[in-house]
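Shown next, in structure tokens, is the structure this report addresses.
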Amino acid sequence: MPARTGKQVIERLRTQPPELWLEGQRVEDPTSHPKTRNAVASLAALYDLQYQDDLVDVMTFKSPSSGHLVGRSFMVPESKDDLRKRSQMHKVWADASLGHMGRSPDYMNVNVMAAGMAGAYFDEVDGRFGQNIRNYFEYVRENDLALTHALTNPQIDKSKQANEFDDPFIALGLVEETSEGILVRGARMLATLPISDEILIFPSTVLQGGDELRPYALGFSLPNSTPGLRFQCREPLDQGRSHVDHPLGSRFDELDAMVIFDDVIVPWERVFLIRDVDRANQAYARTGAVLHMAHQVVNLKIAKTEAILGTLQAVIDMIGTGHYPHVQEMVAEVIITLEIMKALKVASEEQATVNEYGVMTPARGPLDAARNYYPAVHKRLMEILQLCSSSGLIMVPSEADWTGERSGDISKFLQGKNGSAEERLRLFRLAWDMTISGFGGRQSLYERFFFGDPVRMKHALYGVYDRSAYVDRVERFLADDTWPQT
């Protein structure tokens, strides 16, 4: 089928809903439930952009198998220009949420693409598994499905490995192999966007051990509506308020969840990896998936930083503080951050190379820099927006207040230099939702751990970044006492 419309996304969720648990109750229909319907509508709106007249060529391309127009995030890049075209697609979806949907479907689409093209890697585990992942890539692409995923084990006792608990199936593990498939049991965190169609369980990157951890080396996929599979969601951030009061939280709550597998059978055709710890730990790097995902993320963070900069400048203009040198200095910090991220994106594309599976893959160095840089600098961006908004972030009456009996007070005392009280409050509600609301607090924590623990990320960078050429240059310089000749 061609790329989906928003109506088709909603209809599939309505007829094949995942088992979502929210505030102690099962969500029977996520398309109509008051705490999930807005997020579903926002997800559907992304798919509608694929059919917007001026965007269809940006958002879609012709499928190599069916000839239908399918989502461009499924495209197998063969050139640097292909990566640039895909970047344009990523940016359209990222801009739609002001960069505040951390797991829009294109993130997992590029993961599936990279894994599907690296079928030979999974063949090394079992001759069936490579073809399974190739078939799955085509299936997801041709049906334009949205995926979630979950990587980490429940946070019980981080001093223990998964096999050391009294119950060895706290963490998701393989119970047994059957003629139908594999039986799995246990849980994983953190499944963001459980209002999607399917879940891809890919190998965890932190299996630190030997044969005793083989049951936890898993790669498979399932529809979210599979019996025995359920999602325990955190407290919702959509409080049922208007888009005016909660401009981000009322639209883009992605409903992070713990996913629980209660003795679920995974059919053999959906199994991609089992019982191979080494290949599980190397899967993201060896297939190139991590780099394509990071490339999507850089586009997302550029969109987010642009939105922060736009909001910041609008706040400054509204209250007339743009002439203060310290305010100008803080705005300059945001500009520098934005330009660094844009430069790293361009560098990752310009330095891209074809990997062993024939896929043009963004360069690792710039993307590793972006992955380590942005989580650290994002907290400063939030601080700057708070400092420049100051008490205006607190004095933000609701929409009901400025349309209520005392609206005259609000119109008089909360107007801005360059706008009415309503215009000023709409802007400051956005700044509040970016920074200090429940939605903003979740965003800040999410950014800090987006790609993993920051300390581990830097340790990993230390391990993979080749510094030998620079050491050699220094040693040659120190050893050469003849240059220059005098």
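The values are calculated or read from the model by the stated rules, or taken from the named source; none is laboratory data. Since the structure is predicted, the reported quantities are computational estimates derived from the model, not experimental observations. With ideal geometry, Cβ positions are generated from the backbone for all residues, glycine too; neighbour counts draw on all protein chains shown.
In the stretch 183-206, what residues are over 22 Å from the mean Cα position of the chain (by Cα) and either of a type in the set (Gly, Ala, Ser) or buried (at least 18 other Cβ atoms within 10 Å of the Cβ) (or both)? Don't jump to the end; show me each part of the working.
Restricting attention to the stretch 183-206, the residues satisfying the condition of being over 22 Å from the mean Cα position of the chain (by Cα) are 183-186.
Selection gives VAL184, ARG185, GLY186.
Touching a residue at least 40 places away in the same chain (Cβ under 8 Å) and either of a type in the set (Asp, Glu) or touching a strand residue (DSSP E or B) at 6+ places or on another chain (Cβ under 7 Å) (or both), is that true of LEU69? Yes: the conditions hold for LEU69.
All of (1) out of contact with any Phe, Trp or Tyr (no Cβ under 7 Å at 6 or more places or on another chain); (2) modelled with pLDDT of 95 or more; (3) under 30 Å from ASP433 (Cα atoms) hold for GLU142 with one exception: (3).
Condition check ((1) assigned by TED's automatic domain parsing to the domain that holds ASP95; (2) in a loop (DSSP other than H, G, I, E, B); (3) more than 27 Å from HIS90 (Cβ to Cβ)) across all residues:
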site	(1), (2), (3)
MET1	no, yes, no
ARG12	yes, no, no
TRP21	yes, no, yes
PRO30	yes, yes, no
PRO34	yes, yes, yes
ASN38	yes, no, no
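Among the residues of the stretch 81-98, are any within 24 Å of SER225 (Cα to Cα) and crowded, with 22+ Cβ neighbours inside 10 Å? Full working, then the answer.
Applying the first criterion (within 24 Å of SER225 (Cα to Cα)) to the stretch 81-98 yields none.
No, the stretch 81-98 contains no residue that is within 24 Å of SER225 (Cα to Cα) and crowded, with 22+ Cβ neighbours inside 10 Å.
Checked against (1) surrounded by 24 or more Cβ atoms within 10 Å (Cβ to Cβ); (2) small (Gly, Ala, Ser); (3) closer than 23 Å to LEU46 by Cα, GLY240 passes all but condition (1).
When ASP54 is tested against (1) free of Cβ contacts under 8 Å to residues at least 40 places away in the same chain; (2) outside the structural domain of PRO194 (by TED's automatic domain parsing), only condition (2) is not met.
What do you reckon, is GLN131 closer than 25 Å to PRO203 by Cα and free of Cβ contacts under 8 Å to residues at least 60 places away in the same chain?
When the stated conditions are applied, GLN131 passes them.
Out of GLU339, GLU333, report the one residue that is assigned to a helix (DSSP H, G or I), in the same structural domain as TYR465 (by TED's automatic domain parsing), surrounded by 14 or more Cβ atoms within 10 Å (Cβ to Cβ) and at pLDDT 95 or above.
From the options GLU339, GLU333, the qualifying one is GLU333.
I need the full set of residues from the stretch 152-179 which are within 24 Å of the chain's Cα centre (by Cα) and either among the small types (Gly, Ala, Ser) or on the phi > 0 side of the Ramachandran plot (or both), in order please. Scanning the stretch 152-179 gives a single hit, ALA171. Restricting the search to helices (runs of 4 or more DSSP H) fully inside the stretch 411-486 and requiring at least 2 residues that are of a type in the set (Lys, Arg) and surrounded by fewer than 17 Cβ atoms within 10 Å (Cβ to Cβ) gives 454-464, 468-479.
Every listed requirement among (1) among the β-branched types (Val, Ile, Thr); (2) buried (at least 24 other Cβ atoms within 10 Å of the Cβ); (3) closer than 30 Å to SER250 by Cβ is met by THR152 save one, (2). Within the stretch 96-116, does at least one residue satisfy the condition of being small (Gly, Ala, Ser), touching a strand residue (DSSP E or B) at 6+ places or on another chain (Cβ under 9 Å) and either over 23 Å from ASP253 (Cβ atoms) or modelled with pLDDT under 95 (or both)? There is at least one residue in the stretch 96-116 that is small (Gly, Ala, Ser), touching a strand residue (DSSP E or B) at 6+ places or on another chain (Cβ under 9 Å) and either over 23 Å from ASP253 (Cβ atoms) or modelled with pLDDT under 95 (or both).
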